[in-house]
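Inspection log for the structure reproduced underneath, given as structure tokens.
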Amino acid sequence: MSQSDLNPNASAYPTGTLVNPNTLFITGLHNAHAMETQAIQILSRQLDRLESYPDMAAQIRRHVAESEAQRARLDEVLATLEEKHSMLKDSVLGMVGNLMALAHVPAGDEVIKNTLANYAFEHFEIAAYKSLHTMAEYIDHQPGALAAHTNLQEEIAMAEWIDHRISHTTVAFLDRATAGVIASH
């Protein structure tokens, strides 16, 4: 058993331990790959139920494809380092993504909750890719810097798309709800 198995508050990198920045970059790549797996699961589950908002469904479909491409880019970067993605992290965060998407299903305002959650998640991804890009530049790993930058730009575009439609989605929801038609999804 490792120290972290015995003490859940123990750091993976104990004080006084020298850590290779490449190791931290690889950890960041694993985390980003798992994050994209989670995003794909969340958005795919939303698409399964998104019936009344065709523009949103089309954009989510496009972003699922982008997320799959982002994950592939991360695989390519990992391959340059003779690494593979973490099946455990991907599996766990994929399952979490499915559960997160299901959490809003019983809500009468599912589309609003999903919109707000997607907006927050996009900003989490933006922060993650900014950090990953900084790590790649720090270790002078150009393929990693390019992949992180490309993924970052796509996440910024999606966050802006959501931002510009929060009010529109809310009004569309209110119009449908007050007209007595299915508005939640």
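Details
- Residue exposure sequence - F25, F124 - by fewest surrounding Cβ within 10 Å: F124, F25
- Take the Cα of L146, step 7 Å toward its Cβ, do the same at L18, and the gap between the two points is 3.2 nm.
- Extension gain, L174 to I156, is 3.7 nm, computed as 0.36 nm per intervening residue step minus the present C-alpha separation.
- Computed from point charges on the beta carbon alone (+1 for Lys and Arg, -1 for Asp and Glu), the dipole magnitude for the range 21-178 about its Cα centre is near 340 Debye.
- Ranking of L174, L74 by neighbouring Cβ atoms within 10 Å, starting from the fewest: L174, L74.
- Exposure proxy ranking for R61, R165, R71, based on other Cβ atoms within 10 angstrom of each Cβ and starting from the fewest, stands as R61, R165, R71.
Since every read-out is calculated from the coordinates, none of them should be taken as a lab result. It should be emphasised that the depicted structure is a prediction, and the values quoted were computed from it without experimental measurement. Cβ sites come from the backbone with ideal geometry, for glycine too, and all protein chains shown count toward neighbours.
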